[in-house]
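Novice: Before I ask anything, let me first share the structure, which is written out below as structure tokens.
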Amino acid sequence: MADIIGGEESVIKCALKFDMRAPAFGMESTALYGAALEMAGYADAHGLTQVSLMEHHSSEDGYLPSPLSLASAIAARTTRMRLQICSTRRCRSAASSSPGWAARAAPKDSSSSSR
């Protein structure tokens with residue numbers, strides 16, 4: 001993902017963003033979650049750097065009310081990606097929050113490493 005331009009290395013950072021909206025005319029929410037996990041694994045294997053999850057409550061189309069569950073599932077399937085949870089109030093990165101929050105969000109196991 002790096003390119004040499006004028007003697008300097010430049011890096012293009014790419015990320016995924018999921019809000020998990022499932023309107024009546026679209027896919028079922030269970031299929032969306034499976035697709036998000038598959039995309040995150042593929043993106044991690046191909047050098048993307050971050051996944052952002054948009055938290056929102058009380059929406060008719062299933063917006064993501066519990067992002068920590070999805071973040072944990074993504075952490076179990078990836079090795080390098082940074083996880084960011086955005087709520088209607090603020091965005092916070094698991095890497096920049098308190099260590100206790102990060103540990104609860106993505107428990108370390110054999111399938112994921114500290115990021």
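Novice: If I ask for residues that are at pLDDT below 80 and either aromatic (F, W, Y) or within 17 Å of R80 (Cβ to Cβ) (or both), which ones from the range 3-46 would you list? Even if it seems obvious, please write down each step before you answer.
Specialist: Step one: of the range 3-46, the residues at pLDDT below 80 are 3-14.
Across the range 3-46, the qualifying residues are V11, I12, K13, C14.
Novice: Looking at G47, is it touching a residue at least 12 places away in the same chain (Cβ under 8 Å) and surrounded by fewer than 16 Cβ atoms within 10 Å (Cβ to Cβ)?
Specialist: Considered against the rule, which asks whether it is touching a residue at least 12 places away in the same chain (Cβ under 8 Å) and surrounded by fewer than 16 Cβ atoms within 10 Å (Cβ to Cβ), G47 comes out as yes.
Novice: Just to be sure I understand, how many residues within the range 50-77 are among the hydrophobic types (A, V, I, L, M, F, W, C) and either surrounded by fewer than 17 Cβ atoms within 10 Å (Cβ to Cβ) or not in a strand (DSSP E or B) (or both)? I'd like the intermediate steps shown before the answer.
Specialist: First, the residues of the range 50-77 that are among the hydrophobic types (A, V, I, L, M, F, W, C): 51, 53-54, 64, 68, 70-71, 73-76.
Narrowing further to those that are either surrounded by fewer than 17 Cβ atoms within 10 Å (Cβ to Cβ) or not in a strand (DSSP E or B) (or both): 68, 70-71, 73-76.
Residues in the range 50-77 being among the hydrophobic types (A, V, I, L, M, F, W, C) and either surrounded by fewer than 17 Cβ atoms within 10 Å (Cβ to Cβ) or not in a strand (DSSP E or B) (or both): 7 in total.
The values are calculated or read from the model by the stated rules, or taken from the named source; none is laboratory data. Just so we're clear, the structure is a prediction, and the values are computed from it rather than from any experiment. Positions of Cβ are backbone-derived with ideal geometry, glycine not excepted, and every protein chain shown enters the neighbour counts.
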